[in-house]
Amino acid sequence: MTERIYLDNSATTMPSAFVMACVDRCMQEAWYNPSALYRPAMIVQKSMDEARRLCLAAVDAEGEQCVFTSGGTEADNLAILGHLQRIRQKGRVLIYQSEHPAVTACIPEIEHMGFQVETIAPDHEGIVDLNRLEKQMGTDVVLMVIMQVNNETGAIQPIQDIARLRDQKCPDAAIHVDGVQGFLRVPFSMHALNIQSYALSGHKIHGLKGTGALIYQKQYKLAPRMLGGGQEMGVRSGTENTIGILALGEAIRTYPKEANAHMCNLKHVLYDALRERVPGLRLNGPEPGSAASAPHILNVSLCPVRSQTMMFALEGDGILVSAGSACSSHRQKVSPVLTAMGISPMEADCAIRFSLCYSLTERDIQTVAERVQSQYQVLAKYTRR
Amino acid sequence: MRKLLLVRYGEIFLKGLNRPYFLKALVERVRHATSAYGGNVWLHDGRIFVSDVTDMEACASKIARVFGVHSICFAVEMEKDSFDAICDQSVEMMRDLHGTFRVNARRSDKKYPLDSPKINAEIGERILRRCAQLKVDLHHPDHILAVEIRDFCYLYVRIIPGSGGMPVGTNGKAMLLLSGGIDSPVAGYLIAKRGVKISAVHFHSYPYTSDRAKEKVLDLARILSEYACGIKVYIVPFTEIQMQIHEKCPEEYSTLIMRRFMMRIAQNCAELDRAQALITGESIGQVASQTMEALQTTNAVVSLPVFRPLIGSDKSDIIEIAEKIGTFETSSLPYEDCCTVFTPRHPVTRPKPDRVAAAESVLDAEELISKAMAGIEIVQV
């Protein structure tokens, strides 16, 4: 069987060797209920505190709060709905148009709570259009929700500029950042930007599925969405997933310093190799190497070959990629993220997302480019006339 | 006294001298359906009895899928000597019911001291006296208490309908062209219902269709096999043929030529499988390749009879059956099927057979088909 090259790291990542060893150890030692009073439980509690400290430090939020959740979706839900439930003043909520469903699916409930939702439009690169956003801002805005990195295009959102505009136009508005795709891969400082909350997920950084966290400022008002035994400072009840939480801490601790520069280089190599080999290749998202381009996601349209055909053909060659966003690829609709950027439905229907991780090599990337080329040469001939 | 299932059969009653052949097959099918629940299955006095199973409800719903079964009764079996005990048990079974009722007695034991009208009257009176919430309605009752006097007495109120039809395997074998859409599983179901053993052939166009699409077809075959007692699925690699058609044949004929290849390969599979006919889910006029002329063109390449049980059905009727037999949800999963990329924009709807044959003649059909046949994967579900 051909060696497998996995390029769908935005959907999920393989647990790292450190994480696997940590899980193995924790299964034997860290299974105690951290709320218990005996010593082994206390040790688990201390390890969890260390994982919490690592989460906070990773986004420059030392001294703030961190609650562990079942993943990014729960963290987003808690940050948005939990906050809006606690504030009295009804106003507008601004949400970036191309957010993940973990955010957009909250909109009906937000409106039901009495808030007015407005979307923030992207430009042709999938980046928040700051001019339009500035016009939308006003003192009645209570919350803005923006993802750090778009999961389909890899576009880094200008959160620094958004925070600056917020300070000028609506200083009382909170900002929630969905950091699921950006965490660790794009530097972030909650303190410097005065960001109220930040969601992250463990399995996107070589940790385990079912783990994540919401980091938020101490004074940030949050009503719990999960009621019960009062764990996680009463904000998120339920016996803690100790093994997953410690694995999350381990994934952060062992995330290589040079990982992002390495992925950035691989993304360049891949883009250049594909451009050379596939005529009419279309880049969906910011130019690799630009400040708005995340190091690990490359989205291109290989017209006229439809995404699914290319995806299955590459799978036959041992290369696993995704058509648009894996979270929605079962739905077989043209990606709304890409169409919002003004990409034609035909081009969006031919989009492939390559998402990288730090363990890939340049040789892997060259192999991928070669196989894309040979599949493209065959498949481009057999498309709908 | 014990609880058991009393299975009634339908059309087999109409059979003459060969009735034992059909009954033997039906008992075998019922025995197979109940095998997961243990217990005993036997035929006696015009009924199939199922006793001592671990889960009566689940077992009954399995039997309801066996073709040839008319209905399944949740019965109580008791000695027939004490008529008082029969009355008491009847009252017990009616105690929690509301509305109107009727007693329906029949005796195959003609020496029993009471005749059927008397049994009806006696038990009916006893129920009326002890269940004040119930009234008698002989014409349109809400509940019917059946009393059968055989070697034992059998009482039942609750009956669930069976699937009808004839036991699978009693009417030969046929090859179903199974696409993954809504129609073909329904077509397979309807023919299997007439006692036909089914095999299936599926055309897989990797990479235009995925492993998920193939798995979806196998899932559909698994659902069908609940009724059809196991299905052998022939998965035929079809990409090469589609590519050749796309490359060399006129666009407007491409679907028809593709269908002709599918029919030829299905016939080859049928021969391998000793099947005597082909089954398709076609319905007249549903799409361009299902007009009268198109069907004639695709029929022309095979010599086996082609059964099209849905030929006169509307889509809504087909969906209704698909929902009933449990294939609709799986059929509706959105994985691409092989036709989308290769579908012509303006397919010919009234093809002339000689023109299609001429358009197709540029291909080396024999070689393409033998290559496809050599790559067949067989999955038993």
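The values are calculated or read from the model by the stated rules, or taken from the named source; none is laboratory data. What you see is a predicted model; the values in this text were computed from it and never measured. FYI the Cβ positions are ideal-geometry reconstructions off the backbone, even for glycines, and counts take in every protein chain you see.
A few notes on this one:
- Considering the conditions (1) surrounded by 13 or more Cβ atoms within 10 Å (Cβ to Cβ); (2) in contact with a Lys or Arg (Cβ under 9 Å, 6 or more places away or on another chain), residue B:13 is excluded by exactly one of them, (1).
- Top-ranked residue in region A:182-227 [being farther than 24 Å from residue A:152 by Cα and among the aromatic types (Phe, Trp, Tyr); ranked as modelled with the highest pLDDT]: A:216
- Residue in region B:159-175 that is within 14 Å of chain A (Cβ to nearest Cβ), more than 30 Å from residue B:90 (Cβ to Cβ), touching a helix residue (DSSP H, G or I) at 6+ places or on another chain (Cβ under 6 Å) and in contact (Cβ under 8 Å) with a residue 12 or more places away in the chain present: no
- Number of the condition not met by residue B:342 [criteria: (1) of a type outside the set (Ser, Thr, Tyr); (2) within 14 Å of chain A (Cβ to nearest Cβ); (3) more than 20 Å from residue B:263 (Cα to Cα)]: (3)
- Taken over region B:1-31, the criterion of being polar (S, T, N, Q) and either closer than 13 Å to residue B:165 by Cβ or in contact (Cβ under 8 Å) with a residue 40 or more places away in the chain (or both) is satisfied by no residue.
- Looking only at residues in region B:310-332 that are part of a helix (DSSP H, G or I) and acidic (Asp, Glu), the one that is nearest to residue B:214 (Cα to Cα) is B:329.
- Scanning region B:178-195 for residues that are assigned to a loop (DSSP other than H, G, I, E, B), of a type outside the set (Gly, Ala, Ser) and farther than 15 Å from residue B:286 by Cβ yields a single hit, B:178.
- Region A:218-337 holds helices (runs of 4 or more DSSP H) entirely within its bounds, and those carrying 1 or more residues that are among the small types (Gly, Ala, Ser), touching an Asp or Glu at 6+ places or on another chain (Cβ under 9 Å) and within 14 Å of chain B (Cβ to nearest Cβ) map to A:307-316.
- The residues of region B:89-115 that are without any contact (Cβ under 8 Å) to a residue 60 or more places away in the chain and within 21 Å of residue B:45 (Cβ to Cβ), listed by number, are B:103, B:104, B:105, B:106, B:107, B:109, B:110, B:111, B:112, B:113, B:114, B:115.
- When A:200, A:270 are checked against the criterion of being outside the structural domain of residue A:83 (by TED's automatic domain parsing), out of contact with any Ser or Thr (no Cβ under 7 Å at 6 or more places or on another chain) and surrounded by 22 or more Cβ atoms within 10 Å (Cβ to Cβ), a single residue qualifies: A:270.
- Region B:344-368 - residue that is surrounded by 18 or more Cβ atoms within 10 Å (Cβ to Cβ) and of a type in the set (Val, Ile, Thr) and, of those, modelled with the highest pLDDT: B:356
- Which listed residue is of a type in the set (Ser, Thr, Tyr) and at pLDDT 95 or above, from B:179, B:163, B:205, B:199: B:199
- Filtering region B:32-55 to residues that are surrounded by fewer than 16 Cβ atoms within 10 Å (Cβ to Cβ), within 21 Å of the chain's Cα centre (by Cα) and without any contact (Cβ under 8 Å) to a residue 60 or more places away in the chain leaves B:35, B:36.
- Note on region B:183-242: among residues that are touching a Pro at 6+ places or on another chain (Cβ under 9 Å) and within 14 Å of another protein chain (Cβ to nearest Cβ), the one that is nearest to residue A:314 (Cα to Cα) is B:206.
- Selection of strands (runs of 3 or more DSSP E) fully inside region A:84-191 by the criterion of at least 2 residues being buried (at least 23 other Cβ atoms within 10 Å of the Cβ) returns A:92-96, A:141-147, A:174-178.
- Which listed residue is of a type in the set (Gly, Ala, Ser), more than 14 Å from chain A (Cβ to nearest Cβ), surrounded by 14 or more Cβ atoms within 10 Å (Cβ to Cβ) and in contact (Cβ under 8 Å) with a residue 12 or more places away in the chain, from B:303, B:313: B:313
- Subset of region B:156-177 [buried (at least 21 other Cβ atoms within 10 Å of the Cβ), part of a strand (DSSP E or B), in contact with a Leu (Cβ under 7 Å, 6 or more places away or on another chain) and not aromatic (Phe, Trp, Tyr)]: B:174, B:175, B:177
- Residue within region B:162-172 that is aliphatic (A, V, I, L, M) and in contact with a Ser or Thr (Cβ under 9 Å, 6 or more places away or on another chain) present: no
- Whichever residue in region A:338-385 is among the aromatic types (Phe, Trp, Tyr) and more than 14 Å from every other protein chain (Cβ to nearest Cβ) and, among such residues, is nearest to residue A:288 (Cα to Cα): A:354
This table checks each residue for (1) surrounded by 13 or more Cβ atoms within 10 Å (Cβ to Cβ); (2) closer than 30 Å to residue B:37 by Cα.
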site	(1), (2)
B:57	no, yes
B:60	yes, yes
B:63	yes, yes
B:73	yes, yes
B:78	yes, yes
B:84	no, no
B:93	yes, yes
B:111	no, no
B:139	no, no
